[in-house]
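The values are calculated or read from the model by the stated rules, or taken from the named source; none is laboratory data. Note that the coordinates shown come from a computational prediction; the quantities given were computed from them, not determined experimentally. Here the Cβ positions follow ideal geometry from the backbone for every residue, glycine too, while neighbour counts run over all protein chains shown.
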Amino acid sequence: VPDRYIWIYDTTLRDGEQAPGVHLTPEKKVRIARALDEAGVDIIEAGFPANGRSEQKAIRMICKEVENATVAVLSRPIKSEIELCEDILSRANSSRLHLWIATSPIHMEHKLKLVPDDVMERTMVGIRHASGRFDSVHFTAEDATRSHLDFLTDMMREAVRSGVDLVSVADTLGCALPEHMTLLVQHLIGAVKGRVPIGVHCHNDLGLATANTLAAIRAGAKQVDVTVTGIGERAGNASLEQVYVSLLFHERHLKVKTGIDRDKLGSLCNLIMEEMGISVPLYQPLIGENAFKHESGIHVHGMLNNPMTYEFVDPKDFGISEGGFTIGKHTGKAAVRFFLERNGYAAAREEELNRLTEAVKERTAEKGPFLTDDELVEFARKNGIELVRRGVV
Ligand code: MN
């Protein structure tokens, strides 16, 4: 029985929108926030107020619309910016300030142009200024996975002393391995002596964002940053749907649970793609067009006997549409029979079915896959295959 609740911190509207080429109007941001709220996300990072007026307007609108989730905004540790965030979040049922600063040598020297002591000082002044102005405040060390562990640890301990409710580490460049995240989270839990929970923010530059996020959860992280479809800077962030389905599928092993509403997952992903004007690769886990689609003869044969042979979950349980089968050069007899029967036909004899299967494989090897069932019936007729009428199954 799952006994540990994980906070899903969705940053589709902030890190997701930072993806090159993605732009959301305030109206689109509100529609997405509403869907995230309905899907059971715990915290919605609505934006970065310092971005400008349109962003501020969108966040104010979101605060009025969101009923259950906490609304978070991102801020640098600058007093005027924190006060702007306080004003913008004043209508939220539950408000969260997300303060961040970079802690790696390369970021401090070449981006912030600050020495570590000044990074520490500024951050703590910011945290103390923010404390009490929001329902909760969390602090993220940017580029934490390329930071000196001693400095990172000092920052986290000081952040806790200065009043944050959670400390989070970002694998900003997406270059950590799962075992690094495990060690880092375990180390930080010890460093803050369990006084505040730990969060993680993982990027996907090595395709490890989901794996790193799961490793962090296993190590004791309480909050995980995700985006729907994994959209985000560069190669994106940990994807909400991958993290969630992994946790659900392995819940007896991991003993954790989330507040995500299973049925709404597919429609949430579709909404994000539509509002953002993006598509995902054919083979994207869980939501790509091929994620639940089959062509290989052996796989289709298995699927027709029992879908669980080649699908570990039923996509319909998640509101994700069934992928179905394609007829192509890898097709076998079982699929050809199935497609004929779906159209109310059968091959007159087993030998005719064999001939049709061979012809289909030859045709599709040369010219690509069939698109529809109708094309198969038409193709059979043209090739002189004898079919008989059957009831439609
Ligand atoms: Mn990020």
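Can you name every residue in the range 272-298 that is free of Cβ contacts under 8 Å to residues at least 24 places away in the same chain and assigned to a loop (DSSP other than H, G, I, E, B)? Walk me through how you get there before you give the answer.
So the first thing to find is which residues in the range 272-298 are free of Cβ contacts under 8 Å to residues at least 24 places away in the same chain, and the list is 274, 279, 281-283, 288.
S279, P281, L282, Y283, G288, listed by residue number.
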### Query
Are any of the residues in the range 256-266 surrounded by fewer than 20 Cβ atoms within 10 Å (Cβ to Cβ), modelled with pLDDT of 95 or more and of a type in the set (V, I, T)?
yes
### A216 within 30 Å of D317 (Cα to Cα), within 13 Å of the ligand (Cβ to nearest atom) and modelled with pLDDT of 95 or more
no
### Residue in the range 143-174 that is farthest from the ligand (Cβ to nearest atom), counting only those that are more than 16 Å from Q223 (Cα to Cα) and of a type in the set (D, E, K, R)
R161
### Summary
Scanning the range 221-255 for residues that are on the phi > 0 side of the Ramachandran plot, more than 13 Å from the ligand (Cβ to nearest atom) and part of a loop (DSSP other than H, G, I, E, B) gives K255
#### Entry: Residues of the range 89-124 classified as more than 16 Å from the ligand (Cβ to nearest atom), surrounded by 15 or more Cβ atoms within 10 Å (Cβ to Cβ) and either over 19 Å from G199 (Cβ atoms) or not charged (D, E, K, R) (or both), total
15
### Close pairs (6 angstrom Cβ cut-off, 6 or more residues apart or separate chains): farther than 18 Å from D225 by Cα in the range 20-47, in a loop (DSSP other than H, G, I, E, B) anywhere
L24/E17
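Do we have V280 as out of contact with any Phe, Trp or Tyr (no Cβ under 8 Å at 6 or more places or on another chain) and under 20 Å from D373 (Cα atoms) here? Even if it seems obvious, please write down each step before you answer.
On the way: out of contact with any Phe, Trp or Tyr (no Cβ under 8 Å at 6 or more places or on another chain): yes; under 20 Å from D373 (Cα atoms): no.
Considered against the rule, which asks whether it is out of contact with any Phe, Trp or Tyr (no Cβ under 8 Å at 6 or more places or on another chain) and under 20 Å from D373 (Cα atoms), V280 comes out as no.
If you scan the range 185-213, which residues turn out to be part of a helix (DSSP H, G or I), out of contact with any Cys (no Cβ under 7 Å at 6 or more places or on another chain) and within 16 Å of the ligand (Cβ to nearest atom)? Please lay out each step first, then the result.
Looking only at the range 185-213, we keep the residues that are part of a helix (DSSP H, G or I), and these are 185-191, 209-213.
Filter once more, keeping what is out of contact with any Cys (no Cβ under 7 Å at 6 or more places or on another chain): 185-191, 210-211.
Matches in the range 185-213: T210 only.
Each row is one residue, and each column tells you yes or no for (1) at pLDDT 95 or above; (2) on the phi > 0 side of the Ramachandran plot; (3) out of contact with any Ser or Thr (no Cβ under 8 Å at 6 or more places or on another chain).
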residue: R14; (1), (2), (3): yes, no, yes
residue: H23; (1), (2), (3): no, no, yes
residue: A33; (1), (2), (3): yes, no, yes
residue: L36; (1), (2), (3): yes, no, no
residue: A46; (1), (2), (3): yes, no, yes
residue: A50; (1), (2), (3): yes, no, no
residue: R53; (1), (2), (3): yes, no, yes
residue: M61; (1), (2), (3): yes, no, yes
residue: E65; (1), (2), (3): yes, no, yes
